[in-house]
Amino acid sequence: MSAVLDEAAGTLLAVWEAARERTTSRLSSAQLRAIMVVEQYDGINLRRLATLTDMLLSSASRLCDRLVAAGMLEREPGRYDRREISLHLTPAAIGLLAELRADRRRRLERIMA
């Protein structure tokens, strides 16, 4: 059973990596990970994003600057504290994640066939 699970895990990792490589011309691995976290926690603040992605706050801030410039993230002032920024995906980021998932599913369907 463990050998079967190990093989399946290896296949899943290969599928994930192949699909992710298609996005690397547009986003780095860290940027992709960040938009996936923002998708999961829409409206997340920068400090929480830094914690969840295991980054320094300053690094997460620069990463978000690049994602905003690339049209993947929007920053919005906090509702209760204007100094706090909430992060949201743009339609371009939502489309990119949908494309990534569709690519993974196609690859998995081919493997299972």
Right, Asp42: at positive phi and either hydrophobic (A, V, I, L, M, F, W, C) or at pLDDT 75 or above (or both) or not? no
Scanning the range 25-63 for residues that are of a type in the set (Asp, Glu) and under 13 Å from the mean Cα position of the chain (by Cα), which turns out nearest to Arg79 (Cα to Cα)? Asp42
Identify, from the list Leu5, Leu27, the residue that is out of contact with any strand residue (DSSP E or B) (no Cβ under 7 Å at 6 or more places or on another chain) and farther than 18 Å from Ala92 by Cβ. Leu5
Keeping to the range 46-86, report how many residues are more than 28 Å from Ala18 (Cα to Cα) and either among the hydrophobic types (A, V, I, L, M, F, W, C) or in a strand (DSSP E or B) (or both). 8
Residues of the range 47-83 that turn out to be over 19 Å from Ser29 (Cβ atoms) and surrounded by 13 or more Cβ atoms within 10 Å (Cβ to Cβ), as a count: 4
Assess whether Arg22 counts as being under 14 Å from the mean Cα position of the chain (by Cα), closer than 20 Å to Ala98 by Cα and not in a helix (DSSP H, G or I). no
Boolean, Ala93 is within 11 Å of the chain's Cα centre (by Cα), part of a helix (DSSP H, G or I), small (Gly, Ala, Ser) and under 24 Å from Ala9 (Cβ atoms): no
Could you go through the range 91-113 and let me know if any residue there is surrounded by fewer than 13 Cβ atoms within 10 Å (Cβ to Cβ) and in contact with a Leu (Cβ under 8 Å, 6 or more places away or on another chain). no
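The values are calculated or read from the model by the stated rules, or taken from the named source; none is laboratory data. All values derive from a computational prediction rather than experimental measurement. Note that each Cβ is placed from the backbone with ideal geometry, even for glycine, and that neighbours are counted across all protein chains shown.
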